[in-house]
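The values are calculated or read from the model by the stated rules, or taken from the named source; none is laboratory data. What you see is a predicted model, and the numbers here were worked out from it, not measured in a lab. Ideal geometry is used to build each Cβ from the backbone, glycine not excepted, and the neighbour counts take in all protein chains shown.
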Amino acid sequence: MFDTDQNLMKDKILIVEDEEAIRDMLGYALMKEGFECEEAADVEQARTTIESEKPNLVLLDWMLPGMSGIDYARRLRSMPETRDLPIIMLTAKGAEEDKVRALDTGADDYITKPFSTKELVARVRAVLRRYSGNSDSGVIEVEGLLFNPETYRVSADGQDIDISPTEFKLLHFFIGHPERVYSRSQLLDQVWGENVYVEERTVDVHIRRLRKTLEPFGFDKFIQTVRSVGYRFSTR
Ligand code: CA
């Protein structure tokens, strides 16, 4: 086999899941897509594997024996050496509130069981892309929507979009955190800043304006309402 160069570029995924059958299924699906995989049945194994194998991303099951996945995610985020390690939570819980809780601990994304391996691979790739994109110029392209934080420009298929500063900031935040649901108060903290007094209704107003700005180009569909929770930026 002359695939040494390819191996060097392979992303390594650590699967933390106590159910062997699921772990094997995930490992198989990811390896078929060209990822390298490591497996751990609990938090203790995960800890030693992260140290020795330095994975690029962790798939972390919510329900684990001993320390739960959500507590472990919080711990990973609190330690300097794993603070920037991408985490995708696997959860059997379907409620949006639980998903928000998962993301509040610092997970980058979540997948609800049962899920298709196609969806899993897509999400793994999206999270890895987000991390690798963080280090360059910051220009983000989403299906023809081009966002340039340095020139303060947004364009659609080459055509400049006239956007106000607040809508720009809101879009900037969304586009950097795709697929996650944010409550109005979370958006206020992230986009307006924690010490600014703005009513939550203001968020709705600016969401409406942002949608209107993007509508002529068909990109308003990316700004999605999640009933009784908040909003998210999604291309699905
Ligand atoms: Ca489990």
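For region 146-231, the helices (runs of 4 or more DSSP H) that sit wholly inside it and include 1 or more residues that are modelled with pLDDT of 95 or more and among the β-branched types (V, I, T) are 200-214.
Whenever a residue of region 155-170 is in contact (Cβ under 8 Å) with a residue 60 or more places away in the chain, its partners that are part of a helix (DSSP H, G or I), lying with C-beta atoms within less than 9 angstrom and at least six residues away or across chains, give the pairs A156/L214; A156/P216; A156/F217; A156/F219; D157/F217. Restricting A122, A156 to those that are within 17 Å of K221 (Cα to Cα), among the aliphatic types (A, V, I, L, M) and surrounded by fewer than 17 Cβ atoms within 10 Å (Cβ to Cβ) reduces the list to A156.
A residue that is away from the ligand (no atom under 16 Å from the Cβ) and in contact with a Phe, Trp or Tyr (Cβ under 6 Å, 6 or more places away or on another chain) occurs nowhere in region 71-80.
Among the residues of region 42-61, just one is in contact (Cβ under 8 Å) with a residue 24 or more places away in the chain, more than 13 Å from the ligand (Cβ to nearest atom) and acidic (D, E), namely E53. Note down all Cβ pairs under 7 Å where the first residue falls in region 207-223 and is acidic (D, E), the second is at pLDDT 95 or above, and they're at least six residues apart or on different chains. Filtered contacts from region 207-223: D220/R211; D220/L214.
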